[in-house]
Structure formats: structure tokens, C-alpha cells
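Peer 1: Here it is: the structure, laid out below.
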């Protein structure tokens, strides 16, 4: 049931907040698998060509960018007794789990049919992600208008996201090893993860509530093309879109190359679990303490500091890529550096939605929120494609026990040096994002408009 206008600034209970965070835990069980292990699985378990896999991933992510925008428009036009966003979290839970399992259930076919199967199931997984993630993210903007409460919700969801990524990146290889270390073991592992993700989405649906009162009926919402025209007039939406792309390309490269780095520089692919643990544990703990920092310094300053810390961690790894102690120390610093970025970046999207309403007079929650998912997927697609293309061009063959020097150089660049360059670009983009300076005016003006409209 929808609330009355005076409930729109309500305080969200801990139960509801944690249930909201469960949704991003579910999302990142799949996202962690796709970003960290899927290319490695395709090349080293299935034996698919790295360059072909990279091309498939990129094309699938490009297509899915359009799916994200369309899904955002669908959410904007949805109207049910459960609200606009919540029902889609329910409806997408089952298909999400099935699609995740199908990604790893690659049948034993010849190379060309195998690549066709990979393409179809990877696209289906991304569509399922869109059907769940866009409504889930939009839910944040519809649970409350209160700026502080939204920040708390975002910190909670990022805690859930980090926990989800930690679970899948740390447990996947040990589970696969315990279950037989073959493709069947991969399938069973992701049956477990898929069922867990679906259950978590159901918790989010059951225990959250939409409180925002719509000012226009769904049929009066603009279509996709008109929504995009309004979106590109929102300068901070465009800037945040660019931030998502750059951050996601960097994340895709160093997480996607972790298993390769562990195998060929640290001597055992199993060390990927340790590296991931050291990357995500600082974020899991640090996320609990970020809200007071954001309230004191805003989002941008901590994000710039975090990017700088990430650079320092990368430099430590670069000193000697074969030294496990430096790799662990550098991964911990990288994890610390990610905390303020990961904790704030999704919370910036609701701010751009408010800014767009203030500037253009139209509130586009679904379409504008899709910037985050679309930018993230496009970034990860570009990163995964670059990973596959560069590894393929460098002569990498996952079925060989040893690799040429050119492939080892490519792995080092993808894991250390290219992400460093991209984090420098991020610092520049963060410095250009100045919405925080005018946000109090935006909030005040919107409150006055709503008061007059009522």
C-alpha cells in the first residue's frame, strides 16, 4: 500500500534496511561470478578462445545497456498494489537463479556451438540482472526522500554487495575443488548460489516498503526517447555515468585477472580466493563506519582519498608481482581504497534524480537509475572484452600449462598498471562532480514546489 505524503521522509527501520541490503547481496553473488570467474571458467575449464569470449562479453553488455534503459522506463510506468519497483524484485528472483546456473552449464559441444551457447546464456543472465537490478536500485529512491536515510540505505546495500562478492569470490574455487574440480562441480556450486540469491530477493520484496507518492500517473510518464533526452540535459547524471564506466572497467580488469595472476605469478590459482578475501574484507568492515565520514566530509573528498589509497596498494604489488606478501599487502590497501568509493557511488544516483527533477521538472527514477547499472555493465563489458582480447593477442591458451612471456606481461598490465591509470582518471572525474555544493538548494526548492503543489 502506498503511503501518504507526510510519510515520504520517514526513518527506515533496521529490519527494512537489512532486508534492502539483502537484495544487493543477491545481485553480487551473480555479479561477483561474472566479473571474477566467468572468463577464467570459459577459457580454462571449457577451453573457449579468450578473444572470442571477450567479444561475446562486450556485445552482450552493449545490448544489455539498452535493456537497462528500457527496464528503467518499464519501472517508471509500473503501478501495482506493491508499488513500482518492489514487484519486479519478486518477479525476477526465479529467472535470475535459473540464468545464473545456465551460464555454467555449458554442454560438451564443438567450439562454434559452444560459443553460441555461451553467447545466448550470457545475454540471458544480463537480461535477468537488468530485470532485478534496475527495480531494486530504484527502490532506494522510493523508500524515503530523506537524504541521510538514503545514505544509510546505500551503505547497507554496499555492505550487502561486498558480502555477496566476498562469498562468491572466496568460496567458489574451494567449493569447486571440494565437489570434484570439474565442470559438474562448477554447476553444483552455482545451483547453490542461485537458490541463495533467489531467497534473498524474496526477503527484500517481503520486508521493504515504497513510501513515495507519485505526482503523475504512470501513463503520463515520458517514453524511453523523451526520457533519454531529459537525461542528457542532466550534467551530473552524465558525469556519474562516466564515473561508473571508468570504475567498472578498472574493477573488471583487476578482478577478472586475479585468477590468472594467482596462477602464473603466485604459483596457484587457489590464491585468487586469498587475494579476493584481502580485497573485500576491508570494505566489509569499513563500510560500517562510512556514514559519519560522509556526513562530515561529503562523498567526493573521501572518494578521492580512497582512489589515492588504491593507487598506493597497486604500487606495492608492482614492486615484485611474485611476492605473496606484497600481493596481500597491496590487496588490503586496494580494498581500503575501494571503501569510500563503493560506499558512495550508488548513493549519488538518487541525488542526480533529485537534481534532474529540479532542473527539468520531471522525476525519472527508473531511467536515471539505469545510468548506474548501464554504466557498470558497459564498463565491465569493456573490461572483460579487453581482458579477453589482450590475453588472446598475447598468445594466452588456458589449456596450456605454461604461457609465453608476452601473456605474463599482459596479465601484469591488466592486474596492476591499467587499473592504476584508470583510477587517476577517476580522481579527475570526482573533482569535477560538484552537485554536493548546490544540493541543499535543490532539496529546498523541491520541497517548496511539492508543498505548493499540494
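Just so you know, all these numbers are worked out from the coordinates, no wet-lab data involved. Source: prediction; values computed, not measured. Positions of Cβ are generated from backbone atoms using ideal geometry, with glycine treated the same way; all protein chains shown enter the neighbour counts.
Peer 1: Which of the three applies to region 321-454, rounded, prolate or oblate, going by the alpha-carbon gyration tensor with a ≥ b ≥ c and a/c under 1.5 meaning rounded?
Peer 2: Prolate, because a/c is 1.5 or more and a/b exceeds b/c.
Peer 1: Which residues among region 339-363 fall inside the zone where the amide N is under 14 Å from a point 7 Å beyond the Cα of residue 233, along Cα→Cβ?
Peer 2: Those under the cut-off are 355-363.
Peer 1: Let me ask something additional. How do the peptides 74-80, 137-143, 294-300, 48-54 rank, highest first, by the average count of neighbouring beta carbon atoms within 10 Å per residue?
Peer 2: The peptides rank, most packed first, as 137-143, 48-54, 74-80, 294-300.
Peer 1: Roughly what would the spin-label model give for residue 66 and residue 359, points 7 Å off Cα along C-beta, in nm?
Peer 2: Distance between the two pseudo-spin positions: 2.6 nm.
Peer 1: Here is a further query. Kindly state, to the nearest 0.05, the FRET efficiency for residue 110 paired with residue 59, given R0 = 25 Å and r defined as their beta-carbon distance.
Peer 2: After rounding to 0.05, the efficiency reads 0.75.
Peer 1: Also: Which order do peptides 197-206, 437-446 fall in by mean Cβ count within 10 Å, highest first?
Peer 2: Result, highest mean Cβ count within 10 Å first: 197-206, 437-446.
Peer 1: Jot down the radius of gyration and Dmax of the chain, Cα atoms only, both in angstrom.
Peer 2: For the chain, the Cα-based Rg and Dmax read 21.3, 71 Å.
Peer 1: Give, in nm to one decimal, the length gained when the segment between residue 405 and residue 312 is fully stretched (0.36 nm per residue of separation minus the Cα-Cα distance).
Peer 2: 30.9 nm is the gain from fully extending residue 405 to residue 312.
Peer 1: Now for a different question. For residue 80 and residue 295 in one chain, what is 0.36 nm times their gap in residues minus the Cα-Cα distance, to one decimal in nm?
Peer 2: Values: separation 215, 0.36 × 215 = 77.40 nm, distance 3.51 nm.
Once the chain is fully extended between residue 80 and residue 295, it gains 73.9 nm.
Peer 1: Could you calculate the FRET efficiency of residue 445 with residue 11 from 1/(1 + (r/R0)^6), where r is the beta carbon distance between them and R0 is 25 Å, rounded to 0.05?
Peer 2: 0.60
Peer 1: Counting only helical runs of four or more DSSP H residues, what would the 222 nm mean residue ellipticity of the chain come to if each run contributes -39,500 (n - 2.57) and the total is spread over all its residues?
Peer 2: Taking each H run of at least 4 residues, the total per residue is -26000 deg cm²/dmol.
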